[in-house]
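Chemist: One structure, pasted below without further comment.
The values are calculated or read from the model by the stated rules, or taken from the named source; none is laboratory data. This one's a predicted model, so the numbers in the text were calculated from it and none came from an experiment. Every residue, glycine among them, receives a Cβ derived from its backbone with ideal geometry; neighbour counts consider all protein chains shown. Heads up: the accessible areas ignore ligands, DNA and RNA and are worked out on the full protein's heavy atoms, side chains in. Shrake-Rupley method; radii C 1.70, N 1.55, O 1.52, S 1.80 Å.
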Amino acid sequence: MLVLSRKLNEEIVIGGTIVVKVVEIRGDRVRLGIEAPPATAVHRSEIYDAIQTAGLSDASRSESSCGESSRSESSRSESSRKDAGR
């Protein structure tokens, strides 16, 4: 495993097509932004494990890829959490 240190707004490039950026650091939580080609599925590990357990194919990719729909949903979800914390 490669272990790297990054500061806020710094990036890591993987394979020339995937960019991982540190977008926020709050306490012990780090928010990462991931830019990847549309054909590349990007999941949190617990979601990936659930997909594998359920035996779902790559058809689920469109739901959680780096496309605009997942970005919008993620933004709405983050806004809801912020509002709930007020």
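Chemist: Return the residues of the range 1-16 that are farther than 15 Å from Val42 by Cβ and open to solvent by less than 80 Å² (accessible area, probe 1.4 Å); say none if nothing qualifies.
Modeler: Those that are farther than 15 Å from Val42 by Cβ and open to solvent by less than 80 Å² (accessible area, probe 1.4 Å): Glu10, Gly16.
Chemist: How many residues, within the range 17-55, are closer than 20 Å to Met1 by Cα, in a loop (DSSP other than H, G, I, E, B) and open to solvent by 70 Å² or more (accessible area, probe 1.4 Å)? Reasoning before the result, please.
Modeler: Going residue by residue through the range 17-55, those that are closer than 20 Å to Met1 by Cα are 17-22, 30, 32, 34, 42-46, 48-49.
Filter once more, so that each one left must be in a loop (DSSP other than H, G, I, E, B): 17, 42-44.
In the following step, the residues that additionally are open to solvent by 70 Å² or more (accessible area, probe 1.4 Å) were identified as 17, 44.
Residues meeting the conditions: 2.
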